[in-house]
Amino acid sequence: MNAIKVARRFIETDPANESAKILAQLVLALESERSFELVTLYNLDYKSFQLAMDILKEWRLDRYYASKSKLFDLSLQVSELEKNSSTPEA
């Protein structure tokens, strides 16, 4: 199971848990592209800290794939524009 799903279940199970709160803050910061005090991660137990590291890894990969798909969409649009402009009008 991926880290984002694990984190969601962990936070849903016990939202009052301090580690759940910290993980939620991390996710909110990543999604909104706000700053997050990394020193806060030291308040996590080892398992939750590892989960936070896995979230960061997955988030980075997802951003890469999102950028890649945006590039593909743009390239497809340019290709379609090129096709449409090269066809003679009747």
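The values are calculated or read from the model by the stated rules, or taken from the named source; none is laboratory data. Keep in mind that this is a model prediction, so the values were computed, not measured. Cβ placement follows ideal geometry from the backbone for every residue including glycine, while neighbour counts extend to all protein chains displayed. These accessible areas exclude ligands, DNA and RNA; they are computed on the full protein's heavy atoms, side chains included. Shrake-Rupley method; radii C 1.70, N 1.55, O 1.52, S 1.80 Å.
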TODO: Express the relative contact order of the chain as a whole percentage, based on alpha carbon pairs under 8 Å and six or more residues apart in sequence.
DONE: 25
Task: Value at 222 nm in deg cm²/dmol, rounded to 500, when DSSP H runs of n ≥ 4 in the chain each add -39,500 (n - 2.57) - done: -26000 deg cm²/dmol
Task: Evaluated over the chain, the Cα radius of gyration and Dmax, each in Å - done: 20.2, 70
Task: Choice from 79, 32, 19 with maximal GNM fluctuation in the chain (Cα, 10 Å cutoff) - done: 79
Task: Heavy atoms of residue 68: accessible area, 1.4 Å probe, square angstrom to 10 - done: 110
Open item on the list: Loop by DSSP (not H, G, I, E, B), at most 12 other beta-carbon atoms within 10 Å: where is the longest site-free stretch of the chain for GluC sites (Glu not before Pro)?
Closed with: 38-88
Task: segment 1-40 shape via C-alpha gyration tensor axes, a/c threshold 1.5 - done: oblate
Task: Anchor residue 21: lysines whose Cα lies under 22 Å away (excluding residues fewer than 8 positions away in-chain) - done: 5, 47, 57
